[in-house]
Amino acid sequence: MGRAAGRTAQRRAIVFDLDGTLIDSLPDIVASFQDAFDACGVRAPDEGAVRALIGRPLEEMYGTFSTDPAEVAALSAAYRRIYPRRFAERTRPFPGVPEVLAALRGRGWLLAVATTKRTEMATRLVAALGMEAQLDHVQGTDGFPHKPAPDVVQRALAVLGAEGAWMVGDTVSDLEAGRAAGLRTFGVTWGTQARARLAEADPDALEDDLDRLPAWVGHPDGAALG
């Protein structure tokens, strides 16, 4: 038998990581991260060392370069002062992202962001890039476990009142968080981690082009592509 009379089918959602997945934000993040060292009178690490840590919690990133908790706290506070002043100087959506999001929404998918950034900062960034209308919800990590824990994914879905279908991300932590939340996973190779590292996480899909996403996810009601 079908669904009980009067019961509305729950809408389905695709959840995206933000930095390194939908937007190329590394130049602003790395520069702000390094400037925090200068602000605290500490020698900054080189760009390559910073880029390798993108996607991890901020305090954990600074903890890689300092074992002094007070210094880590000062560096983190400096970053949180600096980054909001420059967060959209060079940050842009990756090519093709607006078009793919529009296509997915046109099929009826709900679209959410689940990011390690705090919600307030992530929401500001999405709005500054003109992407606000393309996303149904932006969820940051505010006082609960970071990915690979599934909390941020689950909270995004709870706000939407949606069933999660796919998690799209550029790091193993994204893929593990999506899987822990019961979603299929789509890894993208243009972010911060190498294809081989992502492949070890055994995503359902691993692609070099976001244009492939609509073909993988189909329609939210399960109908065949037409």
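The values are calculated or read from the model by the stated rules, or taken from the named source; none is laboratory data. As the structure is a computational prediction, the values presented were derived from the model and not from experiment. Note that we place each Cβ from the backbone using ideal geometry, even for glycine, and neighbour counts take in every protein chain shown. The accessibility values were calculated without ligands, DNA or RNA, using every heavy atom of the protein model including side chains. Shrake-Rupley method; radii C 1.70, N 1.55, O 1.52, S 1.80 Å.
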Review point. With a sphere of radius 11 Å drawn around the Cβ of residue 174, what net charge do the other residues whose Cβ falls strictly inside it have (Lys, Arg +1; Asp, Glu -1)?
Key: -2
Revision key, fill the gap. In deg cm²/dmol, rounded to the nearest 500, the helical mean residue ellipticity at 222 nm of the chain, built from -39500 (n - 2.57) for every DSSP H run of length 4 or more, is -12000 deg cm²/dmol
Practice item. Using +1 at the Cβ of each Lys and Arg and -1 at the Cβ of each Asp and Glu in segment 45-123, identify which of 106, 72, 88 lies farthest towards the dipole's positive end. Key: 106
Revision key, fill the gap. So for R0 = 35 Å, FRET eff. of residue 47-residue 11 from the Cβ-Cβ r, to 0.05, ends up at 0.25
Practice item. Only helices at least 15 Å long along their axis, Cα-based, and averaging -0.5 or more on Kyte-Doolittle count here, so list those DSSP H runs from the chain. Key: 26-39, 69-86, 97-107
**Study point:** Length gained when the stretch residue 158-residue 211 is fully extended (0.36 nm per residue, less Cα-Cα span)
**Key:** 16.4 nm
Review point. Put a dot 7 Å past each Cα toward the Cβ at residue 39 and residue 88; how far apart are the dots in nm?
Key: 2.0
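What does the extension gain come out to for residue 194 and residue 64, with contour length at 0.36 nm per residue minus their alpha carbon separation?
Full extension of this stretch gives 44.8 nm more.
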Exercise for review: Tabulate in residue order the Karplus-calculated ³J(HN,Hα) for segment 54-60, using 6.51 cos²θ - 1.76 cosθ + 1.60 with θ = phi - 60°, rounded to whole Hz; enter x for Gly and Pro.
Suggested key: 4, x, 8, x, 4, 4, 5
Point to revise | Residue-normalised accessible area of the chain, given per residue in Å² at a 1.4 Å probe | key: 47
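Ignoring ligands, DNA and RNA, what percent of the accessible area of segment 154-205 is carbon or sulfur (1.4 Å)?
Roughly 42 percent, rounded to a whole number.
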Review point. What GluC sites (Glu not before Pro) in segment 73-139 are in a loop by DSSP, with at most 16 other Cβ atoms within 10 Å of the Cβ?
Key: 89
Exercise for review: Show the residues, 5+ positions off or on another chain, whose built amide H is closer than 5 Å to the amide H of residue 11.
Suggested key: 163
Practice item. Would you mind getting me the FRET efficiency between residue 107 and residue 132? Use the beta-carbon distance for r and R0 = 25 Å, nearest 0.05. Key: 0.80
Check your understanding: Pulled fully out, how much extra length does the chain show between residue 149 and residue 73, if you take 0.36 nm times their separation in residues and subtract their Cα-Cα distance?
Key -> 25.1 nm
